[in-house]
Amino acid sequence: MIIATDMPEVAHCTVASCAYNTDDSCHARAITIGDGDNPGCDTYFTNDTHTRSHRAAGVGACKVADCSFNDDFECSADGIDVGRQGESPKCLTCTCH
């Protein structure tokens with residue numbers, strides 16, 4: 001069974017080393033963002049091969065307590081961008097209040 005739900009889309013991801021990234025797009029079914037005050041992409045992992053899926057990824061959960069888009073642990077942004085900040089993949093859309 002496939003469950004359909006409304007999720008913000010990962011509009012753009014520049015973390016080319018991630019196994020879910022193909023052509024600067026995330027193709028995971030859903031990603032999880034952060035923990036505490038760190039908006040890292042918890043779904044990120046490296047692999048020798050990349051996904052062959054063509055689906056667009058959604059944001060399944062947000063654990064960044066202070067993000068203005070966090071609404072009951074779900075992202076309320078229209079879409080997010082993921083990229084590197086330092087050595088880590090991060091949600092670049094995250095804005096803390």
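A few points about this structure:
- Packing, taken as the mean count of other beta carbons within 10 Å per residue, orders the peptides 65-78, 7-20 from highest to lowest as 7-20, 65-78.
- Kirkwood hydrodynamic radius over Cα pairs of the stretch 18-69, then Stokes diffusion coefficient at 25 °C and 0.890 mPa s, in µm²/s: 211 µm²/s
- The percentage of C-alpha pairs in the chain whose separation is greater than 15 Å is 55%.
- Placed amide H near CYS75: partners under 5 Å, 5+ positions off or other chain: CYS62
- Legend: Rg and Dmax of the stretch 57-97, from Cα coordinates, 10.0, 28 Å.
- Kirkwood Rh in Å, taken over all unlike Cα pairs in the stretch 1-42: 11.7 Å
No value in this document is a laboratory result; all are computed from the given coordinates. As the structure is a prediction and not an experimental result, all values here were calculated from the model. As a convention, Cβ positions derive from the backbone with ideal geometry for all residues, glycine included, and neighbour counts pool all protein chains shown.
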